[in-house]
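Okay, structure first, notes after.
The values are calculated or read from the model by the stated rules, or taken from the named source; none is laboratory data. These figures come from a predicted structure and were not determined experimentally. Glycine gets a Cβ as well: all are built from the backbone with ideal geometry, and neighbour counts include every protein chain shown.
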Amino acid sequence: MKPFMNTEFLLNSETARELYHGYAQKMPIFDFHCHLPPGEIDTDQRYENLGQIWLAGDHYKWRAMRSNGIDERFVTGDASWKEKFDRWAETVPRTIGNPLYHWTHLELQRYFDISVPLDPDSAENIWNEANARIAAPEFSVRTLLTQMNVRYVGTTDDPTDDLHHHKALAASDYPVVVRPSFRPDKAYALADPTAYTRWLDRLAEVAGLDTIETFADLREALRRRIDYFAEAGCMVSDHALTLPVNRNYTEGLLNGILTSARRGSAPDAEDVDAFATAVLEFVAREYAERGWVFQLHIGAQRNNNTRMFHALGPDTGFDSIADGPLAARLAGFLDRLDRDNALPRTILYGLNPRDNELLATMIGNFQDGSVPGKIQHGSGWWFNDQKDGMLRQMTSLANLGLLSRFIGMLTDSRSFLSFPRHEYFRRILADLIGGWVEAGEAPHDLPLLGGMIQDICWYNARDFFAIDDVPREV
């Protein structure tokens, strides 16, 4: 019997231990996609207690608490942080088998030096011990990032954001590079015409236009905001799609859809897809001209619970995996760009694990020799960022592409305590490759395999994103 989550956690062979401790563990973190608020980094946010830093905004934990029969008042409601923490402590023992159990204890170990499992009996001591650490002068957002050896953070930012926090960070001497990522999903979010019109008006204002009445106006506004983001050091975009889109369109059709939306009429599904195709094709071509990275997160079916959406809004734990046709639409859309040599460096993330092999083969269709791994199969995302999901994604990529060119893990998180997820990934990676060695499927060549692991943990992402301010050296 192995000790619970000790230094050899998830490392099931001597080779895995050599690869993790000798190569993976020391590598910095290049977290190229997350939802951390840049304002909290800029102001070096401090927290009141463990409940606040752990439970605010974490819809992974919220889902688990609801499944455990916890009343919403103790999840997102007006209960105190201590009351919410106590309900989380009740829930944690029930999460065995869920990555939340591992993440919870990795975070307690790495940030608070607490190795006792969290449960109702240990909750009071853990609450007091962690809060004593949180009250210390050195416990702040910026320190948490440097403590975990984070070198780059890519936030997620709407085109209408003014980016003043990013600009302040860039002008400071803070060693962690924090850059915006351009997320224009609202440019094709036509389902709610009223909200869409409000967003268009805001976009016009920040882009310096009188109004946005035609698709040409929308293109110009987005182009100006892309330029604005580029001036702030942005070199990455991000887009969420339930399913890929690839429909033909005309300028007249796009103008008609936009006019109808402004008049309060939601377009039908085919027109939504045509409009989204046009927006995505336009911005992708702009990214290619600027050398940006194009991220596509595919397969989330969002806001399934209408009652709770109206009560709490989006991103509160009521999303799930979507199904539906991917291959033809995705191939057709990528081909639209590739035909004109206008396909940017691209990362394709799939939320449905059934699509791993599809995506692992799709990326091979559009590699062009210009950049190693120009088209990437992104890491296990959201419901797949657990042991099984990571192994399935990496195994499919290894079987059908080049795992050695993989750009590795990201947090996709809103929590400043989430960075041990990189350690979780690195231990799983080391164990996967170490297992191949133990089975005689790869040579016991530590420089070769250790170098491969270090590439996946740091160098591949560093080179792929090519952010000038991030040093290659570690």
Scanning the range 391-403 for residues that are touching a Gly at 6+ places or on another chain (Cβ under 9 Å) and surrounded by fewer than 22 Cβ atoms within 10 Å (Cβ to Cβ), which turns out farthest from CYS34 (Cα to Cα)? LEU400
For the list (1) crowded, with 17+ Cβ neighbours inside 10 Å; (2) touching a helix residue (DSSP H, G or I) at 6+ places or on another chain (Cβ under 8 Å); (3) hydrophobic (A, V, I, L, M, F, W, C), I need the number of the one condition that LEU36 fails. (2)
Of the listed residues (ASP161, ASP173), the one being within 19 Å of HIS33 (Cα to Cα) and not polar (S, T, N, Q) is ASP161
Can you name every residue in the range 185-216 that is in a loop (DSSP other than H, G, I, E, B) and more than 20 Å from VAL245 (Cα to Cα)? GLY208, LEU209, ASP210, THR211, ILE212, GLU213, THR214
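Confirm whether ARG183 is out of contact with any helix residue (DSSP H, G or I) (no Cβ under 7 Å at 6 or more places or on another chain), modelled with pLDDT of 95 or more and within 23 Å of ARG329 (Cα to Cα).
Numbers: out of contact with any helix residue (DSSP H, G or I) (no Cβ under 7 Å at 6 or more places or on another chain): yes; modelled with pLDDT of 95 or more: yes; within 23 Å of ARG329 (Cα to Cα): yes.
Considered against the rule, which asks whether it is out of contact with any helix residue (DSSP H, G or I) (no Cβ under 7 Å at 6 or more places or on another chain), modelled with pLDDT of 95 or more and within 23 Å of ARG329 (Cα to Cα), ARG183 comes out as yes.
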Looking at the range 260-275, I want the residues that are under 20 Å from ALA216 (Cβ atoms) and have a partner that is of a type in the set (Phe, Trp, Tyr) with Cβ atoms under 6 Å, at least 6 apart or on another chain. Which pairs are those? ALA261/TYR196; ALA274/TYR249; PHE275/TYR188
Only listed residue being surrounded by 21 or more Cβ atoms within 10 Å (Cβ to Cβ) and among the polar types (S, T, N, Q), chosen from THR160, THR104, THR143: THR104
With the requirement that a residue be surrounded by fewer than 18 Cβ atoms within 10 Å (Cβ to Cβ) and small (Gly, Ala, Ser), what does the range 87-101 give you? GLY97
Scanning the range 163-184 for residues that are part of a helix (DSSP H, G or I) and over 19 Å from the mean Cα position of the chain (by Cα), the one surrounded by the most Cβ atoms within 10 Å (Cβ to Cβ) turns out to be LEU169
What about ARG336, is it in a helix (DSSP H, G or I) and out of contact with any Gly (no Cβ under 9 Å at 6 or more places or on another chain)? yes
Selected residue (only one of PHE9, PHE30 is at pLDDT 95 or above and touching a strand residue (DSSP E or B) at 6+ places or on another chain (Cβ under 7 Å)): PHE30
Just need a number here: residues in the range 339-360 that are surrounded by fewer than 16 Cβ atoms within 10 Å (Cβ to Cβ) and either out of contact with any Lys or Arg (no Cβ under 6 Å at 6 or more places or on another chain) or within 30 Å of ARG73 (Cα to Cα) (or both). 4
So which helices (runs of 4 or more DSSP H) are wholly in the range 87-162 and hold at least 2 residues that are over 14 Å from LEU50 (Cβ atoms)? 99-112, 141-147
Filtered residue count, the range 305-330, keeping only those that are over 23 Å from CYS34 (Cα atoms) and surrounded by fewer than 16 Cβ atoms within 10 Å (Cβ to Cβ): 10
Give the residue, chosen from ASP78, ASP119, that is over 30 Å from HIS166 (Cβ atoms), surrounded by fewer than 14 Cβ atoms within 10 Å (Cβ to Cβ) and charged (D, E, K, R). ASP78
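Would it be correct to say that VAL153 is in contact with a His (Cβ under 7 Å, 6 or more places away or on another chain) and either surrounded by 17 or more Cβ atoms within 10 Å (Cβ to Cβ) or within 28 Å of ILE96 (Cα to Cα) (or both)?
On the way: in contact with a His (Cβ under 7 Å, 6 or more places away or on another chain): no; either surrounded by 17 or more Cβ atoms within 10 Å (Cβ to Cβ) or within 28 Å of ILE96 (Cα to Cα) (or both): yes.
For VAL153, the condition - in contact with a His (Cβ under 7 Å, 6 or more places away or on another chain) and either surrounded by 17 or more Cβ atoms within 10 Å (Cβ to Cβ) or within 28 Å of ILE96 (Cα to Cα) (or both) - is not met.
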